[in-house]
Amino acid sequence: MTRLQPRTAPLAEIADDVARGRRFLVTAHVKPDGDSIGSQLALAGALRALGKEVRVVNRDAAPPPLQSFPGVSAIECRADVEGAFDAAFVLECGDLERTGLSGIDRYRLINIDHHPGNTLFGAINWFDDGAAACGEMVFDVIRALGVPLSAEIATHLYVAILTDTGSFHHSNLSPRTFDICRQLLEAGVDPIGVARAVFDSNTIGRLRLFGAVMSTLETDTRGRFAIIRLDRTILDWSGGHVDDTEGLINMPLTVPEIQAVVFFKEADQGAWRVSFRSKGAIDVGAVAGRLGGGGHKNAAGCTVAGPLEAARAAVLPLVDRAIDEGAAGA
């Protein structure tokens, strides 16, 4: 079914704000991914094409595979924001805390997000959970601003869509997704070059990390979902970085019998960051939501406090139930 652009999309209102303003801030969530980085840089490029002053500020640095793309090195990484801005674009954040930035609440906020559970915190709010990536929504903003797609802007949008759809694996795809990508390629995107930069930028530490994490792989008693783990011991031994795990969670899904993957990553203060991936009708977004997290139907995450065994006890029965519910509804 073709997804239509929501009639409530406040594109004219966003364009009016941009026309009236001169200085803009663009930010996204902590631990930014390809969608947030690509969407930010594409939007910043469009604003600069209109002669606007733009700062891109994130709490954390971009993952290593994205470091080679134009503009990434100019992103400011800091815990607070200051200065005068006519508006701040907040991308991919369900609430302001997700930015990890103090001081962001003092600005006029333009909230653009496609994750279920958005709290509509902005002066302008555009929420569309039918979008395959925030990059799709930023594409619409750029069109509304009347900015032509340069090769650089198009490349950033393509990075956003490619990564947030799991290389076009997730169920949130629509004909519109591919129509946008067609226009991006026509604007000068090199899809092979982008894919190699994103997915073929390994280091020895990353390869060791992949192997060590995969050695922890186990399945549930019925063999329907996989469980993997990254703790500090593995991280120290491998010489890798936690950001090097990008994409690792998808590997067990290549086994036909595996319907979902649960990835436990040791975090600070005795907690575990839990990432989920699934196939088809298996709604891991609902699982994450029950545990205080969020995300999409086939890709989501949350944080669970306590030791690993307690985290497993809280998480794994919910995943098992989600697979049962998905099979019943299929």
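Computed from the coordinates by the stated procedures, all read-outs in this text should not be read as laboratory data. Remember, it's a predicted structure, so these values are computed and weren't measured experimentally. Virtual Cβ from ideal backbone geometry, glycine too; neighbours counted across all protein chains shown.
Remarks
- Correct option for Rg and Dmax of the Cα atoms in Å [calculated from the coordinates] among (1) 19.6, 60; (2) 21.6, 71; (3) 20.6, 65: (1)
- Relative contact order of segment 11-199: 24 percent, from C-alpha pairs under 8 Å at least 6 residues apart in sequence.
- Charge dipole of segment 148-300 about the Cα centre (unit charges at C-beta), most positive-ward option of 271, 181, 162: 271
- Reachable lysines, given that their alpha-carbon falls under 30 Å from the alpha-carbon of residue 265 and they are not under 8 places away in the same chain: 31, 279, 297
- With Cα atoms defining each centre, segment 224-244 and segment 34-73 are spaced 28 Å apart in the structure.
- If only the Cβ of Lys and Arg carry +1 and only the Cβ of Asp and Glu carry -1, the dipole of segment 1-136 around its Cα centre is close to 360 debye.
- Dimensions of segment 291-330 based on its C-alpha atoms, expressed as ranges along the principal axes with the largest first, amount to 35, 19, 12 Å.
- Look at where the Cα atoms of segment 273-290 and of segment 181-223 average out, and the two centres are 20 Å apart.
- Rounded to the nearest 20, the size of the Cβ-charge dipole of segment 140-290 about its Cα centre is 340 debye, with Lys and Arg at +1 and Asp and Glu at -1.
- Over all pairs of different C-alpha atoms in segment 1-135, the reciprocal of the mean inverse distance, the Kirkwood hydrodynamic radius, equals 15.0 Å.
- The base-10 log of I(q)/I(0) for segment 238-318, evaluated at q = 0.13, 0.14, 0.22, 0.24 Å⁻¹, reads -0.39, -0.45, -1.07, -1.21 [Debye formula, identical scatterers on Cα atoms, solvent excluded].
- Around the Cα centre of segment 206-329, unit charges on the Cβ atoms of Lys, Arg, Asp and Glu (plus for the first two, minus for the last two) sum to a dipole of about 140 debye.
- Dipole of the chain computed with +1 at Lys/Arg Cβ and -1 at Asp/Glu Cβ about the Cα centre; of 259, 103, 319, farthest Cα towards the positive end is 259.
- Cleavage-rule hits, chymotrypsin sites (Phe, Trp or Tyr not before Pro), segment 15-95, DSSP coil, Cβ neighbours within 10 Å at most 13: none
- With contributions of -39500 (n - 2.57) from each DSSP H run of at least four residues, the per-residue ellipticity at 222 nm computed over the chain stands at -11500 deg cm²/dmol.
- For the pair residue 50 and residue 102 in one chain, pulling the backbone fully straight at 0.36 nm per residue adds 15.9 nm over the alpha carbon distance.
- Cα convex hull volume per residue for segment 12-78 (Å³): 84 Å³
- Relative contact order for the chain, counting Cα pairs under 8 Å that sit 6 or more residues apart, in percent: 13 percent
- Cα-based convex hull, segment 235-279, per residue volume (Å³, whole number): 85 Å³
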